[in-house]
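Student: One structure, pasted below without further comment.
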Amino acid sequence: MPIISVPQAYNEEELYVDLNPIYGHGLFLKCEGFNFAGSIKLKAAAEMVEAAERSGVLNRHSVLVESSSGNLGVAMSMIAASRGYRFLCVTDTRCNLSTRQLMEALGSQVHIITEPHPHEGFLGARLNYVRALCASDSRYVWLNQHRDPANWRAHYRTTAPAIARQFPELDVLFVGAGTTGTLMGCARYFRNRNRPIRIVAVDSIGSVTFGGASGRRMIPGLGASVRPPLLDESYVDEVVHVAELDAIRACHRLAGRGFLFGGSTGTVVSGAVSWLEQHDAGALTTVAIAPDLGERYLDTLYQTNWLQDIYGENVLGSHEVGADLRAS
């Protein structure tokens, strides 16, 4: 039985869901939501704060500030509370109400951006607000999950080795692309092992990360309206783009079998299943990473009125999971 004194000391690394009974494909889903922050972002937040402390960037007068669509904000709120820092999360109107309330319950301040940047969307507007805030007061410290190499190093050090231990014969790894910290950390780790593991990035349609056209995206987590500075496409073998409708249907299909996951997980599962359907994958060992769980999405992804208002009456009219694929 683990006994801990700080919340970031616990994270379940060895839990996988076999999706074969649900989708008929040999796909294992690594569940990263079983920690006190409820998502994979706990790893990046802890690594970034610890690196900043070692370098002397943080002191007792510092106020941490970060742009986040939700999960990183919760993780930073938790670590800030644990370590005695103040924290301000800059988010936007797509952030779930329960996520905002959770950050505030942990003692953090939340600033909500209501108008997107004309060319760079809500992310661009959030980043501009953080830059202006830091320029106005030296107490604000922005670790910047979009640029901080500690983001990907967290997954190089923890997530990827955990997968390698459990699946030494891994053939394909599906990773969602947000800041691309998880993607880059895992891809670098497996490249350095000199094993021919195929890295498939999963992105949302409407995201510009891999050069696609910018479009409306209502599900927070994956995708970006500004190209992630951490991304190095040389580490990515293929990219799968998933429509939000398919991500939603994947979430509901999993929930129908008792597994309640978040929108990022629905996107990754949809993309992975679509890839498997288009390849001769019978003998392959494949793993997808589930970034979070679904409780924070009860008033959005799992709320019929919200779904129908945004996506129309037939949003759940099909259980087909599809995606657009393109070679990197």
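Student: So, counting K/R as plus one and D/E as minus one, what does the shell of residues with Cβ under 12 Å around Thr91 add up to?
Tutor: Values: positive: Arg94, Arg100, Arg126; negative: Glu66, Asp92, Glu104.
Taking every other residue near Thr91 into account, the sum is 0.
Student: Next question. Which whole-number percent gives the relative contact order of the chain, counting Cα pairs below 8 Å spaced six or more residues apart? Display every interim value, and only then the final one.
Tutor: Numbers: 664 pairs, mean separation 59.2, N = 328.
Rounded, it is 18 percent for the chain.
Student: Helix-only estimate, please: 222 nm mean residue ellipticity of the chain, summing -39500 (n - 2.57) across DSSP H runs of length 4 or more and dividing by its residues, to the nearest 500. Mind dumping the intermediate values first?
Tutor: Numbers: 11 runs with 121 residues, N = 328.
Computed ellipticity for the chain at 222 nm equals -11000 deg cm²/dmol.
Student: Another one. Test of the criteria: in segment 95-170, which GluC sites (Glu not before Pro) are in a DSSP loop and have at most 13 other Cβ atoms within 10 angstrom of their Cβ?
Tutor: Values: sites: Glu104, Glu120, Glu169; in loops: Glu120, Glu169.
Counting only loop positions with at most 13 other Cβ atoms within 10 Å, the GluC sites (Glu not before Pro) in segment 95-170 are Glu169.
Student: Still on this structure, I have one more. Any idea what diffusion coefficient segment 25-141 gets from Stokes-Einstein, in µm²/s, Kirkwood Rh on alpha carbon pairs, 10 °C, 1.306 mPa s? Don't jump to the answer; show the numbers that get you there.
Tutor: Details: Rh = 14.9 Å.
Translational diffusion coefficient: 106 µm²/s.
Student: If ligands, DNA and RNA are left out, what is the accessible area of His117 with a 1.4 Å probe, given in Å² to the nearest 10?
Tutor: Rounded to the nearest 10, that gives 50 Å².
Student: As a test of reading the structure, rank Phe28, Phe87 by solvent-accessible area (1.4 Å probe, protein chains only), most first.
Tutor: On the way: Phe28 65, Phe87 5 Å².
Largest accessible area first, the residues go Phe28, Phe87.
Student: For the chain, report the accessible area per residue in Å² (1.4 Å probe, heavy atoms, rounded to an integer). All intermediate terms of the calculation are to be shown ahead of the outcome.
Tutor: Details: 13740 Å² over 328 residues.
On a per-residue basis, 42 Å².
Student: Give me the percent of the accessible area of segment 1-85 that comes from carbon and sulfur atoms, probe 1.4 Å, all protein chains in place. Walk me through the numbers on the way to the answer.
Tutor: On the way: 1870 of 3490 Å².
On segment 1-85, the fraction of accessible area on carbon and sulfur atoms equals 53 percent.
Student: Mind ranking Arg195, Arg217, Arg83 by accessible surface for me, highest first, 1.4 Å probe?
Tutor: Numbers: Arg195 70, Arg217 25, Arg83 90 Å².
Ranking Arg195, Arg217, Arg83 by accessible area, largest first, yields Arg83, Arg195, Arg217.
Student: Whole number please: convex hull volume per residue of the Cα set in segment 180-328, in Å³?
Tutor: Numbers: hull volume 17.7 nm³, N = 149.
Convex hull of Cα atoms, per residue: 119 Å³.
Student: Also, I was wondering about something else. Using the C-alpha gyration tensor of segment 246-323, what are the square roots of 5 times its eigenvalues, in whole angstrom, with the largest one first?
Tutor: Working: eigenvalues 113, 42, 16 Å².
They are 24, 15, 9 Å, listed from largest to smallest.
Student: What number results when the radius of gyration of the chain, computed over Cα atoms, is divided by 2.2 N^0.38 Å? Present the calculation step by step, with values, prior to reporting the outcome.
Tutor: Values: Rg = 18.7 Å, N = 328, 2.2 N^0.38 = 19.9 Å.
Output field value: 0.94.
Student: How long are the semi-axes of the equivalent ellipsoid of segment 119-177, defined as square roots of 5 times the Cα gyration tensor eigenvalues? Whole Å, largest first. Each step should come with its number before you reach the end.
Tutor: Values: eigenvalues 245, 47, 6 Å².
Sorted largest first and rounded, they come to 35, 15, 5 Å.
Student: Which whole-number percentage describes the relative contact order of segment 1-130, with Cα contacts under 8 Å and a sequence gap of 6 or more?
Tutor: Details: 185 pairs, mean separation 23.3, N = 130.
Normalised by residue count, the contact order of segment 1-130 is 18 percent.
Student: Given the peptides 224-233, 279-288, 12-21, arrange them by the average over their residues of other C-beta atoms within 10 Å, most packed first.
Tutor: Values: 224-233: 18.4, 279-288: 15.7, 12-21: 13.9.
Top of the packing list down: 224-233, 279-288, 12-21.
Student: On to the next question. Can you pull the accessible area of Ser5 for me, 1.4 Å probe, Å² to the nearest 10?
Tutor: Approximately 110 Å² of Ser5 is accessible to the 1.4 Å probe.
Student: Moving to a separate point now. Measure off, as a whole percent, the carbon and sulfur share of the 1.4 Å-probe accessible area of segment 185-270, all protein chains present.
Tutor: Values: 1360 of 3000 Å².
So the carbon and sulfur contribution to the accessible surface is 45 percent.
Student: Share of Cα-Cα pairs in segment 53-102 beyond 12 Å, in percent?
Tutor: Counting every Cα pair in segment 53-102, those more than 12 Å apart make up 62 percent.
Student: What value does segment 90-214 have for Rg/Rh, both radii from Cα atoms and Rh as Kirkwood defines it? Spell out each step's value before the answer.
Tutor: Details: Rg = 17.6 Å, Rh = 17.0 Å.
Expressed as Rg/Rh, it is 1.04.
Student: Among Val208, Val172, what's the order by accessible area (1.4 angstrom probe), most exposed first? Kindly include the intermediate steps, with their values, before the conclusion.
Tutor: Numbers: Val208 30, Val172 5 Å².
Per-residue accessible area, sorted high to low, gives Val208, Val172.
Student: What are the extents of the Cα atoms of segment 1-91 along their three principal axes, in Å, largest first?
Tutor: 54, 34, 20
Student: Hey, another quick one. Counting only Cα atoms, I'd like the Rg/Rh figure for segment 148-258, Kirkwood definition for Rh.
Tutor: With Rg and the Kirkwood Rh in hand, the quotient comes to 0.99.
Student: Counting only C-alpha contacts under 8 Å and six or more residues apart, can you give the relative contact order of segment 173-287 as a whole percent? Before the final figure, lay out each step's value.
Tutor: On the way: 192 pairs, mean separation 32.3, N = 115.
Result for segment 173-287 is 28 percent.
Student: Right, next: How do 181-187, 291-297 rank on mean C-beta neighbours within 10 Å, highest first?
Tutor: Output ranking for 181-187, 291-297: 181-187, 291-297.
Student: For a Förster distance of 22 Å, can you work out the FRET efficiency between the beta-carbons of Asn20 and Arg195, rounded to the nearest 0.05? All intermediate terms of the calculation are to be shown ahead of the outcome.
Tutor: On the way: r = 23 Å, r/R0 = 1.06.
With a Förster radius of 22 Å, E is 0.40.
The values are calculated or read from the model by the stated rules, or taken from the named source; none is laboratory data. Keep in mind that what you see is a predicted model, and the values were worked out from it rather than measured. Note that each Cβ is placed from the backbone with ideal geometry, even for glycine, and that neighbours are counted across all protein chains shown. Calculation scope for accessible area: heavy atoms of the full protein, side chains included, ligands and nucleic acids excluded. Shrake-Rupley method; radii C 1.70, N 1.55, O 1.52, S 1.80 Å.
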